[in-house]
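Okay, structure first, notes after.
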Amino acid sequence: MKIIITTVSPTIESEVDPRFGRGVYLLVVDPDTMEWQTHPNPGASASGGAGIQAAQFVTEHKADAVISGDFGPHAFEALHAAGVPMYLFDNSRTAQDVIARFKAGQLEQVGAATREDCHPEGKA
Amino acid sequence: MRIAVASGKGGTGKTTVATSLALCLAADRTQTQPAPDPPLFLDCDVEAPNAHLFLKPTFERRQEVGLLIPRVDEARCTHCGKCAEVCQYHAIAVLGKKVLVFPQLCHGCGSCTLTCPEHAISEMPDVMGVLESSTADSGIHFARGVMNVGEPMATPVIRQLKKWAAPKPDQVVIVDAPPGTSCPVVESVRGADFLLLVTEPTPFGLHDLKLAVQVGRELNLPMGVVVNRDGIGDGGVDNFCETEGLPILMRIPFDRAIAEGIAQGQPLVDIHPEYRVQFQEMLMRIAKGVSGSAEQITSDESIPLFEATILDFKRKLTQGRNRKD
């Protein structure tokens with residue numbers, strides 16, 4: 001199994017980043033073996049369409065789930081179309097905590113975009 | 001000649017200055033025989049156009065505008081992802097066996113259509129707003145764009161407004177630009193012969209004037225400054241203009257009568273008809289700045305304003321041609 005979590009630094013000890021499209025790093029982790037790697041989020045520095053780029057990354061890595069603090073309308077539409085379940089990490093602060101709570105089935109799955117609008121940077 | 005009126009900061013008086021400039025040009029043309037074409041006024045602030053409140057046009061022509069956005073034929077698509085790769089705006093995404101188009105991010109460049117090896121992409125018009133034009137009572141040829149509520153991209157509407165309301169060869173164009181320094185401003189002022197920056201003498205006005213000047217320099221435009229609400233704030237704008245060699249072409253005082261008149265939709269030159277002279281002088285100086293032949297023009301200052309402007313326009317055209325050779 002493979003899940004992706006948005007983080008602020010490139011290690012599994014990192015704190016989580018509450019933004020999906022513009023989160024700094026994407027932590028790809030297997031919650032069973034705890035094998036992990038991190039990648040810079042391709043959306044983080046995009047002038048627009050950040051959520052779409054991040055969603056494309058998630059799809060290309062064939063993740064089984066994605067966990068972040070927030071999913072904008074474009075990101076939600078893209079991940080929903082790709083059939084990747086989205087979870088909110090709620091008040092978890094670290095990636096380790098998020099993984100533990102995900103394994104325990106304690107995270108809330110997202111059924112709709114958590115914001116109506118894109119971040120201002122996402123506008124032309 | 002095309003004069004673009006812009007500002008970094010919003011609410012500094014772009015429309016106040018632009019509308020009075022146009023009214024002065026329209027009034028002056030009757031002094032020349034045969035009378036030249038009336039000026040063309042372009043309200044490029046398509047997100048919140050307001051120049052019509054002062055020039056009071058009756059719109060006679062109307063046209064919808066938008067972009068051609070991609071439509072993917074799922075039967076032909078092999079999900080190779082080349083369209084998503086080529087799109088600089090991430091307006092098309094390939095997610096496994098699904099292709100998604102995000103119309104609000106699409107700039108209508110057509111790259112995806114050209115790149116698709118399966119010819120699975122066709123283009124569909126996506127309406128973003130409307131263009132309207134008229135002849136106002138004042139003899140000003142007025143055109144504006146109005147973007148639909150919720151549309152995030154003003155630039156394509158402005159670009160098409162400029163194309164749709166193309167001026168005649170000798171027609172003077174006044175462009176009322178949107179505030180700020182982003183893409184819609186660049187699109188509005190691009191192709192202008194002169195950039196007139198309206199500011200107020202406050203630290204905020206100065207901060208955004210500096211940004212606007214950078215845009216003008218990047219586009220290589222001759223520039224001048226109008227200080228509006230003169231008398232408030234500090235000397236920062238004056239110092240900056242002096243250091244940077246930017247001529248201050250006009251000062252409009254901070255005056256309650258002006259504020260009241262503007263609030264009632266009166267153009268500045270109607271509130272204070274004596275300002276006409278200042279606007280005419282400013283137009284003369286702009287014409288000189290555009291032609292870059294100050295000495296030649298100084299002796300001609302008695303000739304009617306409009307004729308001088310057109311002389312300069314023709315001179316500039318000739319110079320432009322020579323440069324290209």
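Somewhere in region B:132-140, is a residue in contact with a strand residue (DSSP E or B) (Cβ under 7 Å, 6 or more places away or on another chain) and modelled with pLDDT of 95 or more? Within region B:132-140 (the criterion being in contact with a strand residue (DSSP E or B) (Cβ under 7 Å, 6 or more places away or on another chain) and modelled with pLDDT of 95 or more), the answer is yes, since at least one residue qualifies. Close contacts from region B:215-233, counting a first residue that is in the same structural domain as residue B:204 (by TED's automatic domain parsing) and touching a residue at least 12 places away in the same chain (Cβ under 8 Å) and a second that is part of a strand (DSSP E or B) and among the hydroxyl-bearing types (Ser, Thr, Tyr), with Cβ to Cβ under 9 Å and a gap of 6+ residues or different chains, come to B:225/B:199; B:226/B:199; B:227/B:199; B:228/B:199. Taken over region A:84-101, residues that are under 13 Å from the mean Cα position of the chain (by Cα) and touching a residue at least 24 places away in the same chain (Cβ under 8 Å) amount to 8.
Only strands (runs of 3 or more DSSP E) whose full extent lies in region B:91-199 are considered here, and the ones with at least 1 residues that are in contact (Cβ under 8 Å) with a residue 24 or more places away in the chain are B:98-101, B:121-135, B:141-147, B:173-176, B:194-199.
Restricting attention to region A:25-42, does a residue exist that is surrounded by fewer than 18 Cβ atoms within 10 Å (Cβ to Cβ), in contact (Cβ under 8 Å) with a residue 24 or more places away in the chain, closer than 20 Å to residue A:112 by Cβ and out of contact with any helix residue (DSSP H, G or I) (no Cβ under 9 Å at 6 or more places or on another chain)? No, the conditions are met nowhere in region A:25-42.
A single entry from B:72, B:101, B:94, B:65 fulfils the requirement of being more than 9 Å from every other protein chain (Cβ to nearest Cβ), surrounded by 14 or more Cβ atoms within 10 Å (Cβ to Cβ) and within 18 Å of residue A:54 (Cα to Cα): B:101. Per the listing B:44, B:83, B:24, B:87, the residue uniquely under 21 Å from residue B:147 (Cα atoms) and surrounded by 15 or more Cβ atoms within 10 Å (Cβ to Cβ) is B:44.
The values are calculated or read from the model by the stated rules, or taken from the named source; none is laboratory data. All figures in this text were calculated on a predicted structure; none of them were measured in a lab. As a convention, Cβ positions derive from the backbone with ideal geometry for all residues, glycine included, and neighbour counts pool all protein chains shown.
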